[in-house]
1. Restricting attention to helices (runs of 4 or more DSSP H) lying wholly within region B:1-110, give those where 1 or more residues are of a type outside the set (A, V, I, L, M, F, W, C) and touching a Cys at 6+ places or on another chain (Cβ under 8 Å).
2. Looking only at region A:233-251, decide whether some residue is out of contact with any Asp or Glu (no Cβ under 7 Å at 6 or more places or on another chain), buried (at least 22 other Cβ atoms within 10 Å of the Cβ) and in a helix (DSSP H, G or I).
3. Looking only at region B:90-104, filter to residues that are buried (at least 22 other Cβ atoms within 10 Å of the Cβ) and closer than 19 Å to B:Val135 by Cβ; which one of those is nearest to the other protein chains (Cβ to nearest Cβ)?
4. Report whether or not B:Arg153 is more than 25 Å from B:Gln47 (Cβ to Cβ), away from every other protein chain (no Cβ under 14 Å) and out of contact with any Gly (no Cβ under 7 Å at 6 or more places or on another chain).
5. What are the pairs, 6+ residues apart or on separate chains, where a residue within region B:150-179 that is part of a loop (DSSP other than H, G, I, E, B) has its Cβ under 7 Å from a residue that is at pLDDT 85 or above?
6. List the residue pairs whose Cβ atoms are under 6 Å apart, where the first residue sits in region B:37-52 and is in contact (Cβ under 8 Å) with a residue 40 or more places away in the chain, the second is assigned to a helix (DSSP H, G or I) and not aliphatic (A, V, I, L, M), and the two are 6 or more positions apart or on different chains.
7. Given the criteria more than 11 Å from A:Val92 (Cβ to Cβ), of a type in the set (Lys, Arg) and assigned by TED's automatic domain parsing to the domain that holds A:Asp88, does A:Arg149 qualify?
Amino acid sequence: MTTQTLPAETPTTTGVVELSTVSRWYGNVVAVNDISMSLHPGVTGLLGPNGAGKTTVLHMMAGFLAPSRGTVTIDGKPTWRNPAVYRDLGLVTERESVHGYLTARQFVTACAKMQKLRDPAGAAQRALELVEMTDAAERRIETFSKGMRQRTRVAAALVHEPRVLLLDEPFNGMDPRQRMHMMELLHRLGDNGHTILFSSHILEEVEQVAGLVQVIVAGRLAASGDYRKIRRLMTNRPHVFAVRSSDDRRLAVSLIAEKSVAGIEIEATGLTVRASDYGSFTRALPRIALDQGIRLRQVVPSDESLESVFSYLLEG
Amino acid sequence: MSTVAFITARGLFGRRRALLLLPLPLLLIGLAAICRAYDVSPDMWGQAVIVGLGLVVVLPVVALIVGTGVLGSEIDDGTIVHILTKPLARREIILAKYAVAASVTAVVSAVPLFVTGVLAGSVKLGAALAVAAVVGALAYSALFLLFSLVSRRPVLVGLVYILVWEGLLGNFVSGTKNLAIGQYVITIADKIAPTAILESTIGLTTAIVMSAIFTVLGTVAAINRLGSFSLAGETS
């Protein structure tokens with residue numbers, strides 16, 4: 001498979017987190033293929049379809065997986081077999097595992113103690129305040145909703161004020177209110193100078209939180225850099241529509257003159273129209289149909305799935 | 001007590017499987033008490049109850065439940081990550097968990113064995129059994145802690161060790177006797193309080209040295225394995 005990486009914003013300085021030509025394979029299966037990236041203070045989104053290798057990348061960053069090739073460092077220090085990195089690192093895994101028999105305060109305080117902080121109780125209180133969990137802090141975690149558990153886990157990961165916070169699919173299973181709350185929290189942490197990386201397979205989540213994105217497709221870094229540039233690349237890709245009308249042939253003739261139309265195929269079942277610009281085409285189509293007196297029976301965008309967006313990026 | 005030990009102990013007794021620790025010791029004391037109450041000679045029941053149930057079943061099974069409970073369960077449900085993402089030497093984590101496992105196993109098995117020994121013979125026999133149980137707890141705990149790190153099914157591996165290696169092969173293949181913790185335990189108890197009930201098959205020095213080797217090697221290997229602990233990749 002050959003891929004081209006889109007022109008990324010090459011960072012001029014060394015990042016807090018550095019991946020240098022990192023690959024990871026399981027037997028014959030390559031999960032992560034030659035990825036290099038630098039993470040800087042602020043919020044970065046790690047975007048990619050399910051199974052793309054996001055979790056593998058996060059686990060390697062967090063020292064829970066050895067890279068098969070390449071190096072993963074935080075502040076220049078390797079993360080594998082080096083527990084000292086956890087002084088500067090917080091991890092929130094996708095798996096929702098907590099010591100349910102502890103209260104939120106006990107749990108976060110225990111984490112503070114294991115970080116050997118000087119004032120574990122004070123640090124726990126600050127972390128719980130940050131995630132707005134002080135009201136429920138004396139309740140056992142097993143009585144919490146998913147969102148509350150997630151916030152408690154974030155508090156535990158933040159209690160030692162790490163420079164780097166990694167979150168694996170932090171919005172999964174959250175309701176919209178919890179989601180908004182978590183997004184605000186990540187924003188705030190990013191603004192405070194923390195280096196935050198969160199993974200997601202949902203474009204809109206990343207759009208709302210992260211200015212910078214790293215897009216992973218099939219184990220490779222497909223794009224990296226400013227979100228808006230990548231978004232533009234994604235929206236400017238050709239869009240394919242299946243169109244059926246009262247007179248397909250006449251409609252095709254009129255459409256081919258339209259600037260936003262890149263190509264048309266006439267088939268027995270209708271037209272397949274390739275539009276170069278989603279917006280102008282969807283505005284032009286009804287106008288043309290009206291002018292020609294053609295009745296539109298069906299207009300279906302046929303490649304709107306996220307996977308097609310990713311595969312377009314991959315084709316570069 | 002370290003925070004890791006605190007969380008481990010809370011986790012151990014907070015789970016329902018902690019209740020599994022009760023019936024076996026109670027059965028052991030109960031059987032001995034019944035035999036004693038009916039004035040049956042200890043020569044008739046001593047070996048079956050003390051060795052057959054106490055040393056061969058109660059001690060290793062308690063050690064297995066506790067030894068896999070302090071680490072295997074946390075690996076199973078993923079909570080281990082909260083302990084591993086701390087700047088703690090992996091040695092510190094394993095030693096805390098080992099301390100909890102060994103001491104809980106020692107108490108839960110040595111106390112009923114002491115009572116049974118007293119009922120079957122003398123305080124000396126009781127004390128000998130208790131000491132042997134403590135040595136057994138130290139060695140078994142290290143082994144089962146290690147099993148939690150080398151296998152996703154530590155309880156199964158532990159049962160195979162107890163039933164097949166110690167139980168079955170130990171009776172037929174004489175060489176395995178030197179590599180079975182159960183034999184060390186019987187030997188140590190027998191050398192402290194020689195009775196007709198216990199029958200040691202190996203030397204005392206071998207028993208002590210081998211127990212120490214199991215304990216140290218198991219713990220060191222567990223520390224090393226925890227250092228390379230990997231999380232599984234994509235779940236979907």
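1. In region B:1-110, B:42-46, B:80-84 are the helices (runs of 4 or more DSSP H) which contain 1 or more residues that are of a type outside the set (A, V, I, L, M, F, W, C) and touching a Cys at 6+ places or on another chain (Cβ under 8 Å).
2. There is at least one residue in region A:233-251 that is out of contact with any Asp or Glu (no Cβ under 7 Å at 6 or more places or on another chain), buried (at least 22 other Cβ atoms within 10 Å of the Cβ) and in a helix (DSSP H, G or I).
3. Taking region B:90-104 as the starting set, the residues that turn out to be buried (at least 22 other Cβ atoms within 10 Å of the Cβ) are B:93-94, B:96-98, B:100-102, B:104.
Those still in the list that are closer than 19 Å to B:Val135 by Cβ too: B:98, B:100-102, B:104.
Details: B:Tyr98: 17, B:Val100: 15, B:Ala101: 18, B:Ala102: 21, B:Val104: 17 Å.
Applying the filter and picking the extreme gives B:Val100.
4. In short, yes.
5. So the pair list comes out as B:Ser151/B:Val157.
6. B:Trp45/B:Cys35; B:Ile50/B:Thr116
7. No: the conditions fail for A:Arg149.
Per-residue answers, yes or no, for (1) of a type in the set (D, E, K, R); (2) more than 14 Å from every other protein chain (Cβ to nearest Cβ):
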position	(1), (2)
B:Arg10	yes, no
B:Arg36	yes, yes
B:Pro42	no, yes
B:Gln47	no, yes
B:Gly52	no, yes
B:Leu59	no, yes
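The values are calculated or read from the model by the stated rules, or taken from the named source; none is laboratory data. Source: prediction; values computed, not measured. Counting neighbours? That spans all protein chains shown, and the Cβs are built from the backbone with ideal geometry, glycine included.
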